[in-house]
Amino acid sequence: MSSILTFNAGSSSLKIGVFDTKKSLATLVSASIEGIGQKTQTFMSTQLSDVSTSSSNVSCTNHTEAASYALQWLKNINLIPRDVSAVGHRIVHGGTLYHSPQLVSQQMLDDIRPLAEIDPEHMPASLATIEKIQESLPNVPNVVCFDTAFYRDLPKVASRLPLPRKYHDLGLRRYGFHGLSYKYLLQEFRSNEGVDAANGRIIFAHLGSGASLCATNHGSPVDMTMGFSPAGGIPMSTVSYTHLRAHETDSYLVCRLLLE
């Protein structure tokens with residue numbers, strides 16, 4: 001069997017998927033570890049071969065431990081070591097350098113590591129997960145996809161902050177996030193409603209622990225609620241002082257970078 005593993009590191013979760021490359025990427029296993037860094041952590045899994053679902057309490061105080069647990073569990077159910085073709089990761093922020101899927105290299109990791117200051121909720125977790133997978137599966141290529149890539153061609157009126165152009169050129173701009181989710185939603189909408197409907201003016205909502213809205217037209221994003229960092233926009237679970245507090249977070253980060 002040849003398979004692809006995927007890891008999606010959230011602020012307090014790690015989602016895992018295993019897909020069969022010889023059966024049109026059919027899902028073999030779906031699992032998640034929830035509550036990382038909190039009082040209790042829960043591991044949930046679904047094996048599609050016998051449609052069995054299980055849940056148990058585990059001890060994973062950080063994403064490195066969560067990735068280790070996930071890899072050991074996959075070994076226990078005989079999904080690895082096997083012919084793992086690649087490991088895919090979702091990364092929140094690609095900054096100004098990365099707008100398409102990338103093969104993980106030390107240079108790329110060094111380039112995006114400073115972005116953890118803009119997104120401390122997700123970037124450190126993603127980097128820790130990647131490094132653990134590289135350590136455990138050293139001969140398997142890792143590929144990352146960026147949430148911000150969806151907004152690469154965002155109209156200037158939506159991407160620019162009210163700052164002199166030189167600061168925009170230095171990377172102080174509205175990036176937009178949850179892009180992989182919106183790309184998937186747009187594809188599903190096109191499949192279900194047709195091309196004409198998908199090319200119309202649509203507002204999508206990504207509602208979860210992290211939440212945002214995105215407007216599209218002609219199949220491309222034209223605006224979004226998240227800005228310079230994922231903290232901006234509508235209220236969500238990790239933004240504790242409502243909408244205003246979220247914008248203050250973005251403003252604080254921008255002002256601090258301007259003063260440096």
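The values are calculated or read from the model by the stated rules, or taken from the named source; none is laboratory data. Worth saying up front: this structure is predicted, and the values here are computed from it rather than measured. Backbone-built Cβ (ideal geometry, glycine too); neighbour counts: all protein chains shown. Just so you know, the surface numbers come from the protein's heavy atoms only, side chains and all, with ligands and any DNA or RNA stripped out. Shrake-Rupley method; radii C 1.70, N 1.55, O 1.52, S 1.80 Å.
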Reachable lysines, given that their alpha-carbon falls under 19 Å from the alpha-carbon of LYS156 and they are not under 8 places away in the same chain: LYS166
Cross-link reach list, aspartates and glutamates versus LYS15, counting only Cα pairs under 12 Å and skipping chain neighbours closer than eight places: GLU34
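Kirkwood Rh and Cα-based Rg: tell me the resulting Rg over Rh for the chain, rounded to two decimals. Walk me through the numbers before you get to the answer.
Working: Rg = 19.1 Å, Rh = 19.6 Å.
That ratio equals 0.98.
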Alpha carbon centroid spacing (whole Å) that separates the range 87-144 from the range 60-82: 19 Å
Length added when fully stretched, LYS166-HIS99, from 0.36 nm per residue minus Cα-Cα: 22.0 nm
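Please compute the length gained on full extension between ALA205 and SER85, using 0.36 nm multiplied by the number of residues separating them and subtracting their Cα-Cα distance. It would help to have the intermediate numbers written out before the result.
Numbers: separation 120, 0.36 × 120 = 43.20 nm, distance 3.33 nm.
Roughly 39.9 nm would be gained on extension.
Treating only the Cβ of Lys, Arg, Asp and Glu as charged (+1, +1, -1, -1), what charge dipole size does the range 107-245 show about its Cα centre? Round to the nearest 20 debye. Don't skip to the answer; put the middle values down first.
Numbers: 13 positive and 14 negative charges, 108 e Å.
The dipole of the range 107-245 has a size of about 520 debye.
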Burial order of peptide ranges 23-30, 223-230 (average beta-carbon count within 10 Å, highest first): 223-230, 23-30
Under 15 Å, Cβ to Cβ, from ALA125 - net charge with Lys/Arg +1 and Asp/Glu -1: -3
Candidates LEU170, LEU97, LEU137: whichever shows maximal mean-square fluctuation once the chain is modelled as a Gaussian network with Cα springs under 10 Å: LEU170
Rounded to the nearest 10 Å², the accessible area of HIS99 at probe 1.4 Å: 60 Å²
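Over the chain, average the accessible area per residue using a 1.4 Å probe and give it in Å², no decimals. Display every interim value, and only then the final one.
Numbers: 13500 Å² over 260 residues.
Here the per-residue accessible area is 52 Å².
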